[in-house]
Amino acid sequence: MGAQALALIADPRLAALFGPGSRAETGLRATLPGGEIVAGRVDRVLIGGDEILVGDVKSGGASEAGRHVEQMRLYARALAAIHPGKRVRALLIFAGDGGVVEVEGA
């Protein structure tokens, strides 16, 4: 398990999420247009000048991405509501096989 975690931290595709200025285990709560309330906790987030990068680590493999996509879309919408005008990129990160899936439409 430790080796998997270290491999993710060293992955160049994820350098920003584990680099300076990023945050771990960040809670979020937002009211979306239309009144829907979204609350949750994301594993990693980096709020930059014009972009937010958010990642959630899952224990399985990238083949399981489909069942987590809607959750990440909601988190991305919440972050966009909290930080209007910033582009949000959402990543699903899989410790099981090292897969990284960018969630389309986030």
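The values are calculated or read from the model by the stated rules, or taken from the named source; none is laboratory data. The structure presented is a predicted model; accordingly, all values stated were derived computationally and were not measured. All Cβ positions, even for glycine, are placed from backbone atoms using ideal geometry, and neighbour counts span all protein chains on display. With ligands, DNA and RNA removed, areas are computed over all heavy atoms of the protein, side chains included. Shrake-Rupley method; radii C 1.70, N 1.55, O 1.52, S 1.80 Å.
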**Request:** Name every residue in the stretch 27-54 that is open to solvent by less than 70 Å² (accessible area, probe 1.4 Å), under 13 Å from the mean Cα position of the chain (by Cα) and either under 15 Å from Lys86 (Cα atoms) or aromatic (Phe, Trp, Tyr) (or both), in order of residue number.
**Result:** Val45, Leu46, Glu51, Ile52, Leu53, Val54
**Message:** I'd like to know if the stretch 8-21 contains one or more residues that are in contact with a Ser or Thr (Cβ under 9 Å, 6 or more places away or on another chain) and either small (Gly, Ala, Ser) or under 16 Å from Ala95 (Cα atoms) (or both).
**Reply:** yes
**Asked** Ala24: open to solvent by 30 Å² or more (accessible area, probe 1.4 Å) and either at pLDDT 95 or above or not in a helix (DSSP H, G or I) (or both), yes or no?
**Response** yes
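Yes or no: Phe94 of a type in the set (Phe, Trp, Tyr), surrounded by fewer than 17 Cβ atoms within 10 Å (Cβ to Cβ) and touching a residue at least 12 places away in the same chain (Cβ under 8 Å)?
When the stated conditions are applied, Phe94 does not pass them.
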